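Undergrad: The structure is given below, and queries will be raised subsequently.
The values are calculated or read from the model by the stated rules, or taken from the named source; none is laboratory data. Not measured: the values here are computed from a predicted model. As a convention, Cβ positions derive from the backbone with ideal geometry for all residues, glycine included, and neighbour counts pool all protein chains shown.
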Amino acid sequence: MDTPASARASGMRTIYLPSVFNDDVYSTLQLAIQDSRGENLVVDATYLDVIDARLIALLRRAMSALKADHHSLTVVKTFGVGGTPTLVTVSELAVA
């Protein structure tokens with residue numbers, strides 16, 4: 001995966017993060033979050049190798065903004081092949 005992909009389903013949008021988080025992905029993610037206003041948002045970090053402080057700050061801002069709009073942002077990560085996506089709180093994310 002080179003860029004985040006997203007899919008919409010019944011008022012919920014899922015954004016899949018690629019393995020490398022760079023400036024282009026950051027900008028694309030910001031736009032995707034802005035476009036998700038009015039929807040619940042899931043960010044899937046399964047493929048992401050390293051989660052940096054900039055990403056955590058962006059996710060925290062997005063969580064606050066969506067909560068103010070009575071929507072949610074959740075982060076999930078699947079561990080192991082064929083595993084079930086697990087809810088991850090922003091505070092649990094490892095920072096590089």
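Undergrad: Of all the residues that make up the range 1-25, how many are modelled with pLDDT of 85 or more and exposed (fewer than 14 other Cβ atoms within 10 Å of the Cβ)?
TA: Here is the first cut: in the range 1-25, the residues modelled with pLDDT of 85 or more are 12-25.
If we keep only those that are exposed (fewer than 14 other Cβ atoms within 10 Å of the Cβ) too, we end up with 19-20, 22-24.
Adding up the residues that qualify gives 5.
Undergrad: In addition: Among the residues of the range 42-51, is any without any contact (Cβ under 8 Å) to a residue 12 or more places away in the chain and farther than 12 Å from LYS77 by Cα?
TA: Kept after step one, since they are without any contact (Cβ under 8 Å) to a residue 12 or more places away in the chain, are these residues of the range 42-51: none.
No, because not a single residue in the range 42-51 is without any contact (Cβ under 8 Å) to a residue 12 or more places away in the chain and farther than 12 Å from LYS77 by Cα.
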